[in-house]
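Below: one structure, written as structure tokens.
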Amino acid sequence: MESSVLHKSIKSPQWWRTAVIYQIYPRSFADGNGDGIGDLVGTTARLESLRSLGIDAIWFSPFFKSPQKDAGYDVADYKTIDPLFGTNEEFYDLLAKAHSLGLRIIVDIVPNHSSDQHELFQAALKAAPGSPEREMYIFRDGKGANGELPPNNWESVFGGNAWTRTTNPDGTLGQWYLHIFDSSQPDFNWENPKVTELFEDILSFWLDKGVDGFRIDVAHGLVKEVGLPDVKVGATHVVDETNHPFWGQEGVHDIIRGWRKLLNRYDDRAMCAEAWVLPLSRMAKWVREDEYHQTFNFGYLETPWERNALEKVVTESLKEFGKVGAPSTWVLSNHDTIRHTSKYGVPSIPLHGQGIGPDSQQPDEAMGLRKARAATAFMLGLPGGAYIYQGEELGLPEHTTLEGKYRQDPTWFRTNGEKVGRDGCRVPLPWEANGGESFGFNTTGKSWLPAPASFKRYARDAQEGVAGSTLELYKRLIKERKEFALGSGEFRFAPEYSSDSTLGYINNGVLVISNFGPDSVNVPAGKLLVTTQHDLTVEGVLEHDQTAWIKL
Ligand code: TEU
Ligand code: CA
């Protein structure tokens, strides 16, 4: 092995080490019954078209019983599909069909908190302070003479205080409960073994039903520092090395090890952590041999389209994950962040959780799409697992002019509109350019969030089979990625093909080269496998903000 090799090839990878996993946001994927909200029947009917993308697996954002205060991340019953999306039977049918098409299914488990409508939280509210019922969650007396002040200074990720005061059954004011997210999402008390049991039971339930794994929500938040000390002023949401009382506490690792043991009892299941922790050396701790199989690489997601920054983050990722024997993952978009097409269309990336609204500077759509395509081509050539978010295969932009009256993200409400939140990346998918107001999302035209007019141009049927379309680009990238086994390939950067404005790497004999500079550059001869340029016949010259794959 050459010393510059950053990733050695793997002979027989476990599926998750190299998989391309497609995130379905159920309420916005496909609506079978026409009520304006995506559902399982609608999704099942679209599974073949998903398979034609070449993906290996699907991750479903939560579809469990929920009051939908945070789009399903507020779960009231972890074993039952919300009637909004369908029935358990419909999910088992979907699972069977997906498996018959060779697609694995990952479901989203939310262990940090439940909905306030969960029976356990309702029981806790009715029970007395200090009771076993209350011990399932995090209740505390308030500060001040009459307990009128919250127990500490913690703030909700969505804005405002992380504590809400309860009212006792007799009408007097009572204890406070902790919610790192919305007040409808009380945090579980992971110091309590009953909580451990609860989730082992939930995971076993879904494993027994045959799901291939889990995406674990807020994986870095479960354990809180003993004594619940104040957050030091200046601490941020994405955890750095400084100690934070509710992000990235060491105790989470014991929980993870317990789950890994459970998964190991089954064949070939995997779990992926949503752990917002940096630096990557710290994130890599989540994927040690006896912990998660994967973790989302948010360091990568937050890296701008810049030559040096990308070289640095890829090097660091492969080194740090490599040290613990885990694959890196790569991701550019998800349901919490601004779609990468729009992110690259503005001069500087808005802060995490900020969103882009009608009052913000509007993205340059063409520039954003061009860079996004180039960035995706750069990403899909890398070894490891890759996550793509529904709609990015269409080049969908964020809905950046969505009116306040449609917004549903708790961030919007809890910051009084100061942050527009995440609805802009959650607009239902356009399937048919002439499919009515909802562009084929359903047949009634109803849509829980209205699509911008531009979605007509991005509709799936307008791109299917059209050379150079973003959809065909994704298909080609995923196909060649498989063909050359890039997910498990031998990888190194290629300084001999790079310059100040270009960055090249070689993976299993395929040169992936991106041009970040303003001018066109010559690229080496070889078989052109794929290019993000609109005119696929242009060989030898790569324009600005384009990527090409060349078999040397
Ligand atoms: O997100 C956790 C999280 O910390 C963020 O990405 C957060 O959504 C963002 O900072 C808000 O601005 C997970 C889910 O992915 C998200 O959709 C849920 O809202 C959240 O947990 C609560 O369950
Ligand atoms: Ca529906």
>> Going by average Cβ density within 10 Å per residue, which order do the peptides 180-187, 93-100, 40-47, 541-548 take, highest to lowest?
In response: 180-187, 541-548, 40-47, 93-100
> Using alpha-carbon pairs under 8 Å, 6+ residues apart, how would you state the relative contact order of the chain in percent?
Replying inline: 14
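Among the listed pairs K456/K479; K79/K285; K8/K319; K312/K527; K285/K319, give every one whose C-alpha distance is greater than 18 Å.
K456/K479; K79/K285; K312/K527
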>> I'd like the GluC sites (Glu not before Pro) in the range 241-310 restricted to DSSP loop residues with at most 12 other Cβ atoms within 10 Å, sorted by number.
In response: E241, E250, E289, E306
>> About the Cα centre, and with charges only on the beta carbon of Lys, Arg (+1) and Asp, Glu (-1), how big is the dipole of the chain? Nearest 20 debye, please.
In response: 820
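When Lys and Arg each count +1 and Asp and Glu each count -1, what net charge do the other residues less than 12 Å away from D82, Cβ to Cβ, add up to?
-1
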>> Can you give me the long-range amide H partners of Q23? Hydrogens built in the peptide plane at 1.01 Å from N, cutoff under 5 Å, separation of 5 or more residues or another chain.
In response: W59, I388, Y389, Q390
> For the chain, what is the mean residue ellipticity at 222 nm derived from helices alone (per DSSP H run of n ≥ 4: -39500 (n - 2.57); sum divided by total residues; nearest 500 deg cm²/dmol)?
Replying inline: -7000 deg cm²/dmol
> What residue among T18, P363, V427 has its Cα farthest toward the positive end of the dipole of the chain, where the charges are +1 on Lys, Arg and -1 on Asp, Glu, each on the Cβ?
Replying inline: T18
> Along the charge dipole of the chain, which of N161, W286, T532 sits closest to the positive end, that is, farthest toward it, with unit charges on the beta carbon of Lys, Arg, Asp and Glu (+1, +1, -1, -1)?
Replying inline: T532
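Filter the GluC sites (Glu not before Pro) in the range 345-406 to those in DSSP coil with at most 10 other Cβ atoms within 10 Å of their Cβ, and list the result.
Within the range 345-406, the qualifying GluC sites (Glu not before Pro) (loop, at most 10 other Cβ atoms within 10 Å) are E403.
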> What is the Cα radius of gyration of the range 117-176 over 2.2 N^0.38 Å, N being its residue count?
Replying inline: 1.13
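No value in this document is a laboratory result; all are computed from the given coordinates. In this text the structure is predicted, and so the values were computed from the model without any measurement. Positions of Cβ are backbone-derived with ideal geometry, glycine not excepted, and every protein chain shown enters the neighbour counts.
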